[in-house]
1. Across the stretch 56-90, what is the number of residues that are under 14 Å from the mean Cα position of the chain (by Cα) and either more than 23 Å from HIS31 (Cβ to Cβ) or among the charged types (D, E, K, R) (or both)?
2. Based on this model, can you work out whether PHE103 counts as at pLDDT below 90 and in a helix (DSSP H, G or I)?
3. Just checking, does the stretch 35-55 include any residue being among the acidic types (Asp, Glu) and farther than 29 Å from ILE90 by Cα?
4. So SER30 clears everything in (1) touching a Leu at 6+ places or on another chain (Cβ under 8 Å); (2) within 30 Å of ASN120 (Cα to Cα) except one condition, right? Which one?
5. Looking at PHE122 and the list (1) modelled with pLDDT under 90; (2) surrounded by 10 or more Cβ atoms within 10 Å (Cβ to Cβ); (3) over 17 Å from the mean Cα position of the chain (by Cα), which single condition is not satisfied?
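The values are calculated or read from the model by the stated rules, or taken from the named source; none is laboratory data. Note that the structure is predicted; figures quoted are calculated from it, not measured. So basically every Cβ, Gly included, is an ideal-geometry build from the backbone, and we count neighbours across all protein chains shown.
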Amino acid sequence: MGTVLSKYTNNRDNNFNLIRFLAASLVLYSHSFSLAIGTVYAEPFKISLGLTLGTIAVDIFFITSGFLIASSFFEKNNIIAFVWARILRIYPALIIALIFCVFMVGLFFTTNMTSEYLYNIF
């Protein structure tokens, strides 16, 4: 029997970065029509396929993410270790992004006084 697919996820030589890069490029290509022309229906594949390349790219992201998360779960062999690893992967960046959006972007774009804005946050 040939090599199983999960063997290629154990190291960095698995082309997932290339797959994600191509999917991100498809999303940019798909969004460029909406930004430049103002309608998603200008994308050539929307008319011929019934869906955009961006839609296909999002599906690719979900498939690869599901594959990698499932691989992580089977590698840990422990639900608590897996959940803790997911928390440590997601929440630090989420907290930093939240703080940046609230205190930097929010303060820059608010029409309220700074003290009123900060008072309404808490």
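1. 6
2. For PHE103, the condition - at pLDDT below 90 and in a helix (DSSP H, G or I) - is not met.
3. Checked the stretch 35-55: at least one residue is among the acidic types (Asp, Glu) and farther than 29 Å from ILE90 by Cα.
4. All conditions are met except number (2).
5. If we test PHE122 against (1) modelled with pLDDT under 90; (2) surrounded by 10 or more Cβ atoms within 10 Å (Cβ to Cβ); (3) over 17 Å from the mean Cα position of the chain (by Cα), just (2) comes out false.
So that you can scan it fast, the table gives a plain yes or no per residue for (1) touching a Phe, Trp or Tyr at 6+ places or on another chain (Cβ under 8 Å); (2) in the same structural domain as SER32 (by TED's automatic domain parsing); (3) without any contact (Cβ under 8 Å) to a residue 12 or more places away in the chain:
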{"position": "GLY50", "(1), (2), (3)": "no, yes, yes"}
{"position": "THR55", "(1), (2), (3)": "no, yes, no"}
{"position": "ILE63", "(1), (2), (3)": "no, yes, yes"}
{"position": "GLY66", "(1), (2), (3)": "no, yes, yes"}
{"position": "ALA97", "(1), (2), (3)": "no, no, yes"}
{"position": "CYS101", "(1), (2), (3)": "no, no, yes"}
{"position": "MET104", "(1), (2), (3)": "no, no, yes"}
{"position": "LEU107", "(1), (2), (3)": "yes, no, yes"}
{"position": "THR110", "(1), (2), (3)": "yes, no, yes"}
